[in-house]
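**Student:** Attaching a single structure in structure tokens format; questions to follow.
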Amino acid sequence: MSTFDGIVKEFPHIRIDQFARNGAPPLACFLSHVHSDHLRGLEGYKSPFVYCSAATKELLLRLEKYPHRMNFAKGILESRKQTYRHLKTLLRPIPLHTPTDIELAPGNVIRVTLFDANHCTGAVMFLIEGQGKAILYTGDIRSEQWWIDNLIRHPCLVPYAQGIKKLDNIYLDTTFASSSGPFKTFPPKADGVAELLRKVSEYPSDTLFYFHAWTFGYEEVWVALSSFLQTRIHLDRYRYRMYRSLGESQAPDINDVAPLIGFQLGSAHSPGCLTHEDTGVRLHSCERGTRCHVFDNGK
């Protein structure tokens, strides 16, 4: 759970991942990803612009609260109720790995660079530079060694990694920075996926599986399970529509969704691992209550 108050002391005119009105109004806001603990205050948000990744923009505009999507699935609501649709003109997507100048006010310019946070689709870190200062805001990250090795060789971070320039501050996600309890040691993601696949392999070949992916961030697990079991994965129409929107986006840096929703191969469409048709698949990740016939028939 994010406890960051949104205030960056080196750049007091901006806010990150906190949109409730407190103190002087900011000149610009930034959103790292679409998990709910980073969206506080966005429902009634009216200004200024919010900068984020292109994938985050597409997902945010289509988010629906649980009661609304359930009522739509059951036919109680005639149309979808998208919580953050009012932000359509305020969201400003920035391509990843691209230093971008943002003028907050005349003579007040900051340079912002987005980096993949290894967390969920669209999740990014922000490198913010200006007025002789520089900070890195991580948001939620999964800091594995391969990811760090790749990060420190990025052209925009080499000066900081090699000591040529110095960061004034790192605003670090500390959700699991615990010295005791179940989070004392975090296994690499690959180890966790491998353990899951070993468990799955112990079941008969005609077993139907349900994987409860309750939020964004399980995309790599879907790909691994689909490939291992050689089956597509049934999603409810709401979430399938969310991921399909990424494939339909014209943003050049949304390039990690082909394994999920497919791609055009010549004149034919090569399908991804996700589908909203539940006939014949062995793996379900659909939200309960959305009229999946496997659940409706008690299977």
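The values are calculated or read from the model by the stated rules, or taken from the named source; none is laboratory data. Keep in mind it's a predicted model, so treat the numbers as computed, not measured. Counting neighbours? That spans all protein chains shown, and the Cβs are built from the backbone with ideal geometry, glycine included.
**Student:** Mind counting the residues in segment 173-230 that are within 24 Å of the chain's Cα centre (by Cα) and basic (K, R)?
**Tutor:** 1
**Student:** Shifting gears a bit: Check T185, T175 and return the single one that is exposed (fewer than 11 other Cβ atoms within 10 Å of the Cβ) and either touching a Ser or Thr at 6+ places or on another chain (Cβ under 8 Å) or closer than 25 Å to T138 by Cβ (or both).
**Tutor:** Working: T175 fails: exposed (fewer than 11 other Cβ atoms within 10 Å of the Cβ).
Step by step, each of T185, T175 is checked, and only T185 is exposed (fewer than 11 other Cβ atoms within 10 Å of the Cβ) and either touching a Ser or Thr at 6+ places or on another chain (Cβ under 8 Å) or closer than 25 Å to T138 by Cβ (or both).
**Student:** Considering only residues of segment 89-107 that are over 15 Å from the mean Cα position of the chain (by Cα) and of a type in the set (A, V, I, L, M, F, W, C), which is surrounded by the fewest Cβ atoms within 10 Å (Cβ to Cβ)? Show your work before the answer.
**Tutor:** Going through segment 89-107, the residues over 15 Å from the mean Cα position of the chain (by Cα) turn out to be 89-92, 97-107.
Restricting the remaining residues to those that are of a type in the set (A, V, I, L, M, F, W, C) gives 90-91, 102, 104-105.
Details: L90: 17, L91: 18, I102: 19, L104: 16, A105: 9.
Among residues in segment 89-107 that are over 15 Å from the mean Cα position of the chain (by Cα) and of a type in the set (A, V, I, L, M, F, W, C), the one surrounded by the fewest Cβ atoms within 10 Å (Cβ to Cβ) is A105.
**Student:** I need every pair where a residue in segment 273-291 that is closer than 20 Å to Y203 by Cβ has its Cβ under 6 Å from the Cβ of a residue that is among the basic types (K, R) and buried (at least 19 other Cβ atoms within 10 Å of the Cβ), sequence separation at least 6 or different chains.
**Tutor:** C273/R232; V281/R232
**Student:** Next question, about the same structure. Listed residues L225, L229, L260; which is crowded, with 16+ Cβ neighbours inside 10 Å and in contact with a Gly (Cβ under 6 Å, 6 or more places away or on another chain)? Before you say what the answer is, go through the steps one by one.
**Tutor:** Values: L225 fails: in contact with a Gly (Cβ under 6 Å, 6 or more places away or on another chain); L229 fails: in contact with a Gly (Cβ under 6 Å, 6 or more places away or on another chain).
Result of the check over L225, L229, L260: L260.
Every residue, every condition in (1) surrounded by 18 or more Cβ atoms within 10 Å (Cβ to Cβ); (2) modelled with pLDDT of 95 or more, yes or no:
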{"site": "C52", "(1), (2)": "yes, yes"}
{"site": "L60", "(1), (2)": "yes, yes"}
{"site": "F72", "(1), (2)": "yes, no"}
{"site": "S79", "(1), (2)": "no, no"}
{"site": "L87", "(1), (2)": "yes, yes"}
{"site": "V109", "(1), (2)": "no, yes"}
{"site": "F115", "(1), (2)": "yes, yes"}
{"site": "H119", "(1), (2)": "yes, no"}
{"site": "M125", "(1), (2)": "yes, yes"}
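**Student:** Name the residues in segment 35-57 that are among the polar types (S, T, N, Q) and either part of a loop (DSSP other than H, G, I, E, B) or in contact with a Ser or Thr (Cβ under 7 Å, 6 or more places away or on another chain) (or both), would you? Spell out how you get there, then give the answer.
**Tutor:** Here is the first cut: in segment 35-57, the ones among the polar types (S, T, N, Q) are 36, 47, 53, 56.
Result: S47, S53.
Conditions (1) over 28 Å from R291 (Cα atoms); (2) part of a strand (DSSP E or B); (3) in contact (Cβ under 8 Å) with a residue 24 or more places away in the chain, marked per residue:
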| position | (1), (2), (3) |
| --- | --- |
| N22 | yes, no, no |
| H33 | yes, no, yes |
| L59 | no, no, yes |
| H68 | no, no, no |
| L77 | no, no, no |
| I102 | yes, yes, yes |
| I110 | yes, yes, yes |
| T113 | yes, yes, yes |
